[in-house]
Ligand SMILES: Nc1ncnc2c1ncn2[C@@H]1O[C@H](COP(=O)(O)OP(=O)(O)OP(=O)(O)O)[C@@H](O)[C@H]1O
Ligand SMILES: [Mg+2]
């Protein structure tokens with residue numbers, strides 16, 4: 001059982017600048033080969049959770065102060081991003097974060113930094129197979145690409161590193177619905193064909209729960225709900241607040257939102 | 001007319017040396033946003049190391065030259081490791097103050113070892129390097145300046161454009177958090193940019209030393225001309241550095257030739273002041289200069 005677990009987060013707290021506590025005892029686990037999605041509203045602490053895993057808290061003066069993060073059984077909390085990326089954990093940052101003055105193909109090449117000097121032609125081909133739109137743009141500066149192309153590019157860039165655990169932070173952000181659908185289908189294919197374990201942070205719960213095996217919901221730095229994805233899709237609270245398909249169809253008042261939060265507290 | 005052409009040639013060859021030295025300055029700035037106030041001393045260190053190896057140790061010129069290349073490159077790593085790396089994550093202003101301190105320290109050290117006199121290299125440039133173009137003679141040292149300048153600018157141009165390490169360096173300059181997220185060794189990139197800065201500064205320092213003689217004060221003052229060069233040419237590309245370098249080189253030689261030799265050394269800074277007043281972000285530079 002234990003060796004099916006790729007990532008095990010045990011009760012971590014994260015504090016920025018020594019005083020701002022953002023995560024308050026978060027626990028979650030990701031099984032090998034699965035897609036786990038982490039949902040939650042703005043400021044819930046989703047990005048912070050991913051950065052705690054990838055080591056990117058450090059440059060932001062953040063720290064895991066309690067608890068542990070185990071990756072394939074090894075503790076990795078507060079390790080440097082150089083070490084963590086070389087162990088096979090790659091985070092695709094929120095908001096795309098392209099290298100503007102590099103071409104699309106050069107952007108992809110930066111993805112080989114963890115295995116500098118090894119051949120990568122095959123990987124380029126794989127990325128262009130998943131994202132044919134990038135092939136036509138390979139010589140253009142990333143600064144001139146569309147949002148959709150950039151999202152494909154940064155996912156492809158992550159793939160170039162041969163990740164064993166790929167962390168995607170809001171891949172649907174600011175994209176047209178049709179494109180979101182396409183990208184999520186490709187994410188599913190990557191999971192199935194490459195066997196890559198994925199953790200997907202999303203506001204678009206609908207899409208995320210369609211491809212995920214398991215899901216967590218986060219509020220205020222805590223996990224408030226977790227279950228297999230299909231159960232989460234049927235959960236009335238999730239339906240109401242994340243899928244926007246409440247049974248009554250009517251807009252809920254703020255009072256109801258509060259009661260929901262109260263309910264969640266003892267969940 | 002001949003005088004004009006002579007000044008033109010001198011100006012352009014000087015410009016390539018300025019461009020080469022600016023390349024090192026720009027690299028440090030782009031990868032870590034640090035303004036290296038010790039840049040002038042890097043030229044002097046290179047020139048004196050070559051003097052030490054060629055004239056004092058009496059090594060064959062080629063050996064001395066290669067050892068200077070290797071030595072300054074390694075020195076860049078050492079200086080970064082000892083003095084700059086401990087400050088990563090501190091305020092930028094502290095790092096810049098550190099470079100100021102380093103510069104003065106280097107200068108003091110060079111003065112202590114070599115004194116304040118003007119030294120010169122043994123004559124080693126072959127006379128065959130001198131070119132005769134119609135009535136205009138291009139002295140061998142100017143030809144050497146062209147060769148060294150163009151050669152190194154091309155080598156580093158290719159390095160940044162095509163090598164993986166060069167692409168990683170550009171990625172850090174472009175978007176550091178994203179580079180970190182992909183496992184680019186950012187500290188190694190900082191170290192490499194210091195090493196390259198030491199190396200290219202040494203190259204231009206040596207040729208300038210052949211032209212003007214080797215003097216600590218003079219070389220470090222020439223190194224400071226990197227500021228007008230980058231303000232003119234921008235901090236974005238090798239092309240910008242060449243453009244800025246050549247314009248400053250020409251301004252200097254023409255001012256010296258037609259107006260007054262005493263104005264010659266000042267004119268790059270007059271240009272700097274005027275450009276900043278007219279276009280605060282440089283003439284060809286983009287917004288990056290804003291971060292200065
Ligand atoms: N570097 C930082 N220093 C201090 N506080 C921070 C820092 N980064 C994030 N926070 C705070 O931590 C909380 C959680 O932020 P986080 O980015 O993890 O949320 P999120 O769930 O990803 O939100 P979103 O959906 O808007 O991206 C927010 O209140 C935010 O203000
Ligand atoms: Mg976020």
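Between residue B:92 and residue B:264, the simple spin-label model (points 7 angstrom out along Cα→Cβ) gives 3.6 nm.
Over every Cα atom in region A:140-219, the radius of gyration and the widest Cα-Cα span, Dmax, amount to 12.6, 40 Å.
With viscosity set to 1.306 mPa s and temperature to 10 °C, compute the Stokes-Einstein D of region A:63-154, Rh being the Kirkwood radius across alpha carbon pairs; µm²/s, no decimals. Don't jump to the answer; show the numbers that get you there.
Working: Rh = 14.9 Å.
Using the Kirkwood radius from Cα pairs, D works out to 107 µm²/s.
For residue A:10, project a label point 7 Å along Cα to C-beta. Then give me every residue of region A:27-71 with its amide nitrogen under 17 Å of that point. Residues A:27-31, A:53, A:64-71 qualify, since their backbone N sits under 17 Å from the label point.
Label sites at residue A:60 and residue A:230, each approximated as a point 7 angstrom past Cα along Cα to Cβ, lie 3.5 nm apart.
Counting only alpha carbon atoms, the long axis of helix B:238-254 and the longest principal axis of chain B meet at about 40°.
Only bridges whose two residues both fall in chain A count here: according to DSSP, what percent of them are antiparallel, nearest 5?
Working: 26 of 45 bridges.
Antiparallel bridges make up about 60 percent of those DSSP assigns within chain A.
Using only the alpha-carbon atoms, how far is helix B:92-114 inclined from the longest principal axis of chain B? Give it as 0 to 90 degrees, nearest 10. In chain B, helix B:92-114 runs at an angle near 40 degrees to the longest axis.
Mean separation of Cα pairs under 8 Å and 6 or more residues apart, divided by the residue count, gives chain B a relative contact order of 36 percent. Computed from Cα atoms alone, the Kirkwood hydrodynamic radius reported for chain A is 19.1 Å.
Let me know the mean shielding of A:76-87 by other chains, meaning the per-residue number of their Cβ atoms within 10 Å of its Cβ. Don't skip to the end; give the middle numbers.
On the way: counts 0, 0, 0, 0, 4, 9, 7, 1, 2, 6, 2, 1.
Mean partner shielding for this stretch: 3.
Averaging the Cα positions of each part gives two centres, and for region B:100-140 and region B:1-46 these lie 14 Å apart. Between residue B:221 and residue A:20, the modelled label-to-label distance comes to 4.9 nm, taking each label 7 Å out from Cα in the direction of the beta carbon. Seen from every direction in turn and averaged, the convex hull around the alpha carbons of the protein assembly as shown projects onto 31.3 nm². Comparing A:36, A:19, A:217 in a Gaussian network model of chain A, where Cα atoms under 10 Å apart are tied by springs, the biggest mean-square fluctuation is seen for A:19.
Using only Cα atoms, find the angle between the long axis of helix B:267-278 and the longest principal axis of chain B, and express it within 0 to 90 degrees, rounded to the nearest 10. Helix B:267-278 sits roughly 50 degrees off the main axis of chain B. Out of B:31, B:181, B:120, any idea which swings most in a Gaussian network model of chain B, alpha carbons joined below 10 Å? Greatest mean-square fluctuation among the candidates belongs to B:181. Here's the picture: a label point sits 7 Å out from the Cα of residue A:194 along the beta-carbon direction, and within region A:63-91 the residues with their amide nitrogen under 14 Å of it are A:88-91. Its residues counted as N, region B:22-223 yields a C-alpha radius of gyration over 2.2 N^0.38 Å of 1.08.
Coordinate-derived values only; no laboratory data. The structure presented is a predicted model; accordingly, all values stated were derived computationally and were not measured. Neighbour counts are summed over all protein chains in view; Cβ atoms, including those assigned to glycine, are modelled from backbone coordinates with ideal geometry.
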